[in-house]
Amino acid sequence: MSQSLFEKVWNAHAVRELSNGQTQLLIGTHLIHEVTSPQAFGMLRDLGLTVKYPHRTFATVDHIVPTQSQTVEPFADPLAQEMIEALRKNCAEFGITFFDIATGHQGIVHVVGPEQGITQPGTTIACGDSHTATHGAFGAIAFGIGTTQIRDVLATQTMALGKMKVRRINVDGELPPGVYAKDVILHIIKRLGAKGGIGYAYEYGGSVFDDFSMEERMTVCNMSIEGGARCGYVNPDEKTFEYLKGRPHCPEGAEWDTAVERWKAVASDPDCHYDDVVNIRAEDIAPSVTWGISPDHGIFVTESIPDPANESDPEKRKSIEEALEYMKLPAGAPIAGTPVDVCFIGSCTNGRVSDFREAAKFLKGRRVAANVKAIAVPGSQIVDTICKQEGIDRVFSDAGFEWREAGCSMCLAMNPDKLVGDQLCASSSNRNFKGRQGSPTGRTILMSPVMVAAAAVTGHISDAREVFEVENAAAVA
Amino acid sequence: MALEKIVTVTGKAVSVPGSDIDTDRIIPARFMKCVTFDGLGEYLFYDVRHHEDGTPKTHPLNDPKHAGASILLSGVNFGCGSSREHAPQALHKAGFRAVIAQSFAEIFFGNCATLGMPCAAATAEDIEKLAAAVEANPVLEVTIDVEKNRVFFGDDNFTVNIPDSAREAFLAGQWDPIGELLEGEANVANTAGALSYMGA
Ligand code: SF4
């Protein structure tokens, strides 16, 4: 019988049914970082348990690391220092591979996994982090878990989980110039809602995804959780294999060939059943930005901020009012022209080489507007190295961006990179929740890296197609 | 690994009334930057228990007569907001072993269950009656009978609701999945053995 990738992977990893009806699911690959793992190791010790399959857990440090003089320890924040040391100790004690700062392979957990070839098709991946679905870009079933589940995976390499339904999301056609993967996912979230994916795994497909690079697929899968889906994936294809070939944790020689055969077979069968199907036309998507405090508060940059007066549903009206009050944005006004204070390019959504390369293309020979603080934070040390080899870092710094060291940085501001007061940030990250970027009144507008670059140059939210004179700009949206 | 069967929870109760008490109120976000849950108990309800300068406010949990309470009483939708496990952990580390409220947020309920901390739903009247009895006599012994879905105190008692799946898990000593997951060790080895990427 034909099956979706989700079903094939689920069945291959289902150990047995538990008494509460959930499945004991084998987690092939476990990724950990410094913020959510130490408590789990504590629980493990409390119970007198050990790590069952230490070679299947991989660690990195990303959330709390400073992005300036990272190699100088102790860090200014003693708690950050304590967290990195706890991770070092736990990894050493249990024999877990740790991509620590000194290895040159450190970075955001969702950038490091694929980079190292740890993320592979047909596997299950869990991490104590809600953006784990990023790894789904390779045809893995990957999802975020809580602290107790980290403990469960450490102790047993399994966890208890209820099976999800599968929604296929087709994006067909051709994206207009100046429209990026980030716009695609912001559009999907706007269309299906921030809670629309609860209980579902999202399978992304269609010609747009076929054409996408691996990094673009990662951008979309990354934000599945913003649409309510714990897990999102793209079926593996030649691009997937090409990306993985030769990476440190991938098989080699004859084993590589067998692996590719296996990976091909795991893709969804053409006539398999989906619990739901959504079709989206690529031509309908334009550069997108958020205007509110939930990732589904999205509009095209050419549109106006919603006016609660035009909303008949009282609940929606209230939520628009609350969002606008927090965002201090005028109802009904065009979003373009909104002044920005900070511009941030980075995060596990858009902190990879192609993101910086694309933005650099347009930043070359331009200057960040006066009064705008702009920072570029590579997603990993390897991203940093490649950007430096290509001279991308210099394009950024010549334009007036600060080029930083690898980490999560201002995506959630657990390190020193924070908004101040009610600063407004044009951000390539994934969450625009109240206070997300480190100031309780700080404001976030999500967009693609190229749109952040445009905002940086003009000092306000701008249509990058106009600012950078992208070909055919007039013909789209 | 056999877990304790939770048939009854007995102890002193304390009332922290209010609706929609969210996880942020239970444990403010800034205390999440920690490497262990151990110290979380002292930050339970920190911002409602303390002035900005850190001096204690008048709050039932600061009142010495309620010291050592292990059953928390509250209102509607207790534990809503973010799904952080720090909130139930803070309650547990502060010595609480059960919560009686009008209703609970789902994820919070599940996280409490995993700690062996039953969340029992009751009517507003019954909770008020119990809160009044506790106020009058803070050392009153309160027992939640998980098996019978009832709360007993003094000469009085009332019905509570703990959903069947959770109740059975408490009674069977399977409230934390770790026990059952560990028992499946041989099955896990089989499943892992069939997957080449799991190799040593
Ligand atoms: S970059 Fe942001 S979303 Fe991604 S792992 Fe770090 S904090 Fe989480």
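The values are calculated or read from the model by the stated rules, or taken from the named source; none is laboratory data. Model, not experiment: these values are computed from the prediction. As a convention, Cβ positions derive from the backbone with ideal geometry for all residues, glycine included, and neighbour counts pool all protein chains shown.
At-a-glance table
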read-out: Meets criteria (under 22 Å from the mean Cα position of the chain (by Cα), away from chain B (no Cβ under 13 Å), away from the ligand (no atom under 14 Å from the Cβ) and modelled with pLDDT of 95 or more) for A:Gly136; value: yes
read-out: Residue tally, condition within 16 Å of the ligand (Cβ to nearest atom) and either surrounded by fewer than 24 Cβ atoms within 10 Å (Cβ to Cβ) or farther than 20 Å from A:Glu215 by Cβ (or both), over the range A:139-170; value: 6
read-out: Pair list, Cβ under 7 Å, 6 or more apart: the range B:78-101 residue more than 17 Å from B:Val35 (Cα to Cα), other residue part of a helix (DSSP H, G or I) and among the hydroxyl-bearing types (Ser, Thr, Tyr); value: B:Gly79/B:Thr23; B:Gly81/B:Thr23; B:Ser82/B:Thr23
read-out: Residue match in the range A:347-359 (condition: more than 16 Å from the ligand (Cβ to nearest atom), aromatic (Phe, Trp, Tyr) and more than 14 Å from every other protein chain (Cβ to nearest Cβ)); value: no
read-out: Per-region count, the range B:77-95, residues hydrophobic (A, V, I, L, M, F, W, C), closer than 24 Å to A:Gly42 by Cα and surrounded by fewer than 24 Cβ atoms within 10 Å (Cβ to Cβ); value: 1
read-out: Some residue of the range A:230-252 being at pLDDT below 95, surrounded by 14 or more Cβ atoms within 10 Å (Cβ to Cβ) and within 14 Å of chain B (Cβ to nearest Cβ); value: yes
read-out: Test for A:Thr103: is it hydroxyl-bearing (Ser, Thr, Tyr), within 25 Å of B:Thr191 (Cα to Cα) and more than 14 Å from chain B (Cβ to nearest Cβ); value: no
read-out: Complete set of residues in the range B:1-24 that are at pLDDT below 90 and surrounded by fewer than 19 Cβ atoms within 10 Å (Cβ to Cβ); value: B:Met1, B:Ala2, B:Leu3, B:Ser19, B:Asp20, B:Asp22, B:Asp24
read-out: Selection count where residues are away from chain B (no Cβ under 11 Å) and either of a type in the set (Gly, Ala, Ser) or over 11 Å from A:Ile32 (Cβ atoms) (or both), scope the range A:79-98; value: 4
read-out: Residues located in the range A:24-75, provided they are surrounded by fewer than 20 Cβ atoms within 10 Å (Cβ to Cβ) and touching a Lys or Arg at 6+ places or on another chain (Cβ under 7 Å); value: A:Gln68
read-out: Some residue of the range A:42-51 being of a type in the set (D, E, K, R) and facing another protein chain (nearest Cβ under 9 Å); value: no
read-out: Output for the range A:405-426, where each listed residue is away from every other protein chain (no Cβ under 14 Å), more than 10 Å from the ligand (Cβ to nearest atom) and either under 19 Å from the mean Cα position of the chain (by Cα) or not charged (D, E, K, R) (or both); value: A:Glu405, A:Ala406, A:Asp417, A:Leu419, A:Val420, A:Gly421, A:Gln423, A:Leu424, A:Cys425, A:Ala426
read-out: Filtered residues of the range A:1-21 (kept if polar (S, T, N, Q) and either closer than 17 Å to A:Gln120 by Cβ or facing another protein chain (nearest Cβ under 8 Å) (or both)); value: A:Ser19, A:Asn20
read-out: Residue check, A:Gly113 more than 13 Å from the ligand (Cβ to nearest atom) and either part of a loop (DSSP other than H, G, I, E, B) or touching a Phe, Trp or Tyr at 6+ places or on another chain (Cβ under 8 Å) (or both); value: no
read-out: Number of the condition not met by A:Arg56 [criteria: (1) more than 22 Å from A:His131 (Cβ to Cβ); (2) of a type outside the set (Asp, Glu); (3) in contact with a His (Cβ under 9 Å, 6 or more places away or on another chain)]; value: (1)
read-out: Whichever residue in the range A:45-62 is under 13 Å from A:Val111 (Cα atoms) and part of a loop (DSSP other than H, G, I, E, B) and, among such residues, is nearest to the ligand (Cβ to nearest atom); value: A:Asp62
read-out: Evaluation of A:Glu322 against (1) touching a residue at least 12 places away in the same chain (Cβ under 8 Å); (2) within 30 Å of A:Met1 (Cα to Cα) (one fails), failing number; value: (2)
read-out: Subset of the range A:201-219 [buried (at least 18 other Cβ atoms within 10 Å of the Cβ) and charged (D, E, K, R)]; value: A:Glu203, A:Glu215, A:Glu216, A:Arg217
read-out: Of all residues in the range B:91-116 being under 9 Å from the mean Cα position of the chain (by Cα) and assigned to a helix (DSSP H, G or I), the one that is nearest to the other protein chains (Cβ to nearest Cβ); value: B:Asn111
read-out: Cross-chain or 6+ apart pairs with Cβ under 7 Å, the range B:172-200 first and at the interface with chain A (Cβ under 7 Å from one of its Cβ atoms) and closer than 17 Å to A:Ala14 by Cβ, then modelled with pLDDT of 95 or more and surrounded by fewer than 14 Cβ atoms within 10 Å (Cβ to Cβ); value: none
read-out: Candidates A:Ile225, A:Ile285, A:Ile320 - the one that is crowded, with 21+ Cβ neighbours inside 10 Å and within 14 Å of another protein chain (Cβ to nearest Cβ); value: A:Ile225
read-out: Residue selected from the range A:72-99 under the condition more than 23 Å from A:Ala155 (Cα to Cα) and among the charged types (D, E, K, R), by the criterion nearest to the ligand (Cβ to nearest atom); value: A:Asp77
